1. Can you tell me which residue among Ile196, Ile172, Ile152, Ile179 is aliphatic (A, V, I, L, M) and more than 17 Å from Phe81 (Cβ to Cβ)?
2. Which condition does Glu93 not pass, out of (1) at pLDDT 90 or above; (2) surrounded by 11 or more Cβ atoms within 10 Å (Cβ to Cβ); (3) more than 23 Å from Gly136 (Cα to Cα); (4) not polar (S, T, N, Q), if it passes all the others?
3. What helices (runs of 4 or more DSSP H) completely inside the stretch 97-182 contain at least 3 residues that are surrounded by fewer than 17 Cβ atoms within 10 Å (Cβ to Cβ) and at pLDDT 95 or above?
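The values are calculated or read from the model by the stated rules, or taken from the named source; none is laboratory data. Since we're looking at a predicted model, the values are computed, not measured. Quick reminder, even Gly has a Cβ in these numbers, built from the backbone with ideal geometry, and neighbours come from all protein chains shown.
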Amino acid sequence: MEPGPGFEPGIWGLRVPRPAELGYPGTVFRLHAMFISFSQMVALYHSYLTLKNPSIQPNPVRAMEIPNYGNVEFQAVIFDFNGTLGKEGRIDEEVKHLLERLAYKYTVVVLSADTFGTLEEELSGLPVRVERVSSGAEKRRIAEGYAPYVAIGNGNNDVEMLEGAELAFCVIGPEGAAIDTLLASDVVVRDVKDAIAMLLDEKKLVATLRR
């Protein structure tokens, strides 16, 4: 396959962006297929798509019919960061792996005020979108740009985002959860890993919500 403009020859017939397309000088960043994992390649290509068109929605809307509950449609999964996805600004490695898997099915977005200043470090290399926010109203506004969406949170500033979601998860983790967040949710879990697992295996979600 002949590489198109702005691309280097890739592995298995895939084409990957040249370093310059990703903002890296070629003298300090060279992509060698034998040293890059498939997940890293996906992350690089996702970064390329985001840089070329920040509003792109690469994942189609998925529909799920839940008996005696209704039809649920969504294309994005939006996470609160601190208290939901991570604790004290850090994300468990298992959670990072689950986010990679989830990004193959849905557009994954993380919203945070970055209280601990670790947002970029913790999510670096993952195929997720990061949006900085300062209030619950701003979370809702940004989330609506990804509609229809699933929202996952635990705090009072997640309530508006959860209320606008097709499906809302409340995570009651080590930091607890606000009562209004609980009331605005469709599903309550003890760990964000449980929420992601349900989205990866939709039969689990159907089993919980069917009536």
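1. Ile179
2. The one condition Glu93 does not meet is (2).
3. 136-144
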